[in-house]
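To start, the structure itself, in C-alpha cells.
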Ligand code: ADP
C-alpha cells in the first residue's frame, strides 16, 4: 500500500517536539509491515542538505500564483524516499521552522503551510507519474489543508485517495485572518461553518478535522478528552459530530533511537538485566553538572518545552520540598521567558541540588533520561507525551498528571500494583501543587524502599513500548478506508 506521510518536522532532520519523533519513526514501522511509505516535507535547510538522487517533478503553480518545484529524493538520514518542496524563500530562513529568531511567528505562515497541504493534494492527484499514494496521512495543522484540497479535487475528478489526519496537539491550530482564504484557491463554500471557517478566521486545524476521511489522535484518552468542552479548544462540537471517525492510537518509542543498551549518546550502556551502568550514568551527570556526588540521593529530571501546557510551575512550587527531602533536579528546556528565568534563578541559588540548562539539546536529553531516577511530566494536558515513555525505557520512573497519553501509559506504584506487576510510576489526578507534592512524596517513599523500587523499575524497563502496535492500528485503518472507498 502506498502511503504519503505529510508533516512539517521529521527526526533527525528537524525537530521541535514529539511530532518529529513520530514522523521519523512511523514510516519505518509501516514499511516493516509491507507498506510503501514516502514523506512530503517543506524544504528546510537540513532537509535539502540530506537529499540524494534528486528527481524534479513538473512545476507546480500554487493558488496565489507562485511557481514551485517539488523534488523527489532519497533522504540518507532516514533511509526513506521523500518529496521535498524546494521553495527557499519560504522555508530557508534564520530562526526556527515556525518562528523567527525573535520568537515571532513568520507573517506568511499561512501561505508557507498552505503550500504543504496543496502539494500533498497534487501528489494525490498524480503529480509524480512514477508513484501515486493511496493514502495521504497528514500530521498537525501545518499539513491540515491536505484533506481540504483533496476533498474538493475528489469532487471534481473522483480520485479515491484516502485522507487521514492526525492531531498531535489540538491547542496549536494554525488560525489566520480571513484574507488568507483568497490565497488558498478553495471554493467559496469552504469558508463556512461546514468548512474551515472558525469564528470568522481561517483554521487549518478545523480543515483537517472537517475534511479528513478519518481523524486520529495520539492516545485513546486524549481522543475522548478533546470531545469535551474543557479540552476541545472550541472544536469539541465538530469532534463530537465526527466521533465515529475519530480514533486514538497511542504513539510508540523508536527503539533505534531510545534504547539504553545501544544508545551512543549516553556514557554507560545498561538494561534491565545489567543495571549497573545506570548508576554510572547518574554519577557522570552529577559530576558534569556540579551536583553533590551522592548515588543515594534521588535525581529527578525534566526534559520539556517550557510552556504553560507542561505544568512546570508545579515543579517550581515544589522545589523547597524537593530540596528539603534531599532530592536533586536537572531541567532541560526552552520556551516561555518567565519559566526560563524562574528555573535559572532557582538554579543560581541551589547549585548543588538543581541544574538547569535552557536550550534544546538532544544529546543532553538522552543523558538526563539515563541518569535520573524519576522523570517529571506534570502537564496540564498532554496528547500523548513521549518523555514519560523514554523515562520508562531508561529506568527513570515517570511522575505524571493523569491526562491524555500520560493516563494511558503510567500506573501508580500503589502496593496492589507493585504486587501485581502493573506499577511503573506515579500519578496525580487533581492539577494542584498539593496533589503534585503528594505524588513526589510517594516517589520518594518508594525510592527509600530499595527492593520495591528495583522491582518497579525493572518492570518499567521491560515494558514493550515500540511502534509495532501503533503501526498495526494505522495499517488496519488505511486498509479499512481503502476498502470503503471502492
Ligand atoms: P511535545 O511534543 O508536546 O513537546 P512530547 O513529550 O510528545 O512533547 O515530545 C517532546 C520531545 O521533544 C521528546 O523527544 C523530548 O525528549 C524532546 N525535547 C523537549 N524539549 C527538549 C529540549 N529542550 N532538548 C532536547 N529535547 C527536548
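The values are calculated or read from the model by the stated rules, or taken from the named source; none is laboratory data. Only a predicted model underlies this, so the values are computations on that prediction, with no experimental measurement involved. Positions of Cβ are generated from backbone atoms using ideal geometry, with glycine treated the same way; all protein chains shown enter the neighbour counts.
Yes or no: residue 340 more than 15 Å from the ligand (Cβ to nearest atom) and at pLDDT 95 or above?
On the way: more than 15 Å from the ligand (Cβ to nearest atom): no; at pLDDT 95 or above: yes.
Against the criterion (more than 15 Å from the ligand (Cβ to nearest atom) and at pLDDT 95 or above), residue 340 does not qualify.
Between 79, 94, which is surrounded by fewer than 19 Cβ atoms within 10 Å (Cβ to Cβ), farther than 25 Å from residue 205 by Cα and free of Cβ contacts under 8 Å to residues at least 40 places away in the same chain? Can you show your working first?
Values: 79 fails: free of Cβ contacts under 8 Å to residues at least 40 places away in the same chain.
The conditions single out 94.
Which numbered condition trips up residue 9, out of (1) surrounded by fewer than 24 Cβ atoms within 10 Å (Cβ to Cβ); (2) farther than 21 Å from residue 472 by Cα; (3) within 16 Å of the ligand (Cβ to nearest atom)?
(1)
On the basis of being assigned by TED's automatic domain parsing to the domain that holds residue 456, within 19 Å of the chain's Cα centre (by Cα) and within 25 Å of residue 432 (Cβ to Cβ), does residue 305 make the cut?
Working: assigned by TED's automatic domain parsing to the domain that holds residue 456: yes; within 19 Å of the chain's Cα centre (by Cα): yes; within 25 Å of residue 432 (Cβ to Cβ): yes.
Judged against the criteria, residue 305 is a match.
Somewhere in segment 321-333, is a residue in the same structural domain as residue 426 (by TED's automatic domain parsing), free of Cβ contacts under 8 Å to residues at least 12 places away in the same chain and out of contact with any strand residue (DSSP E or B) (no Cβ under 7 Å at 6 or more places or on another chain)? Full working, then the answer.
Looking only at segment 321-333, we keep the residues that are in the same structural domain as residue 426 (by TED's automatic domain parsing), and these are 321-333.
Cutting the leftovers down to free of Cβ contacts under 8 Å to residues at least 12 places away in the same chain gives us 324.
Checking the rest, the ones that are also out of contact with any strand residue (DSSP E or B) (no Cβ under 7 Å at 6 or more places or on another chain) come to 324.
Yes: one or more hits.
Of the residues 30, 40, 75, only one is farther than 19 Å from residue 130 by Cα and away from the ligand (no atom under 16 Å from the Cβ); which? So that I can check it myself, show each step before the final result.
Numbers: 40 fails: farther than 19 Å from residue 130 by Cα; 75 fails: farther than 19 Å from residue 130 by Cα.
30 is the lone residue from the list that is farther than 19 Å from residue 130 by Cα and away from the ligand (no atom under 16 Å from the Cβ).
Checking the conditions here, which among 386, 399, 422 is touching a helix residue (DSSP H, G or I) at 6+ places or on another chain (Cβ under 6 Å) and away from the ligand (no atom under 11 Å from the Cβ)?
Selected residue: 399, the only one of 386, 399, 422 that is touching a helix residue (DSSP H, G or I) at 6+ places or on another chain (Cβ under 6 Å) and away from the ligand (no atom under 11 Å from the Cβ).
Do any helices (runs of 4 or more DSSP H) entirely within segment 1-96 hold 3 or more residues that are within 25 Å of residue 362 (Cβ to Cβ), and if so, which? Walk me through it before giving the result.
Values: elements: 18-31, 45-49, 88-91.
In segment 1-96, the matching helices (runs of 4 or more DSSP H) lie at 18-31, 45-49.
Out of 370, 348, which single residue is more than 13 Å from the ligand (Cβ to nearest atom) and assigned to a helix (DSSP H, G or I)? Lay out the reasoning, then the answer.
On the way: 370 fails: more than 13 Å from the ligand (Cβ to nearest atom).
Result of the check over 370, 348: 348.
Among the listed residues 245, 291, 209, identify the single one that is without any contact (Cβ under 8 Å) to a residue 40 or more places away in the chain and away from the ligand (no atom under 16 Å from the Cβ).
Going through 245, 291, 209 in turn, the sole match is 245.
Count, please, the residues in segment 205-233 that happen to be within 30 Å of residue 402 (Cβ to Cβ) and part of a helix (DSSP H, G or I).
Taking segment 205-233 and keeping what is within 30 Å of residue 402 (Cβ to Cβ), we get 205-206, 208-209, 212, 214-233.
Add one more test, that the residue is part of a helix (DSSP H, G or I), and what stays is 205-206, 208-209, 220-225.
Number of matching residues: 10.
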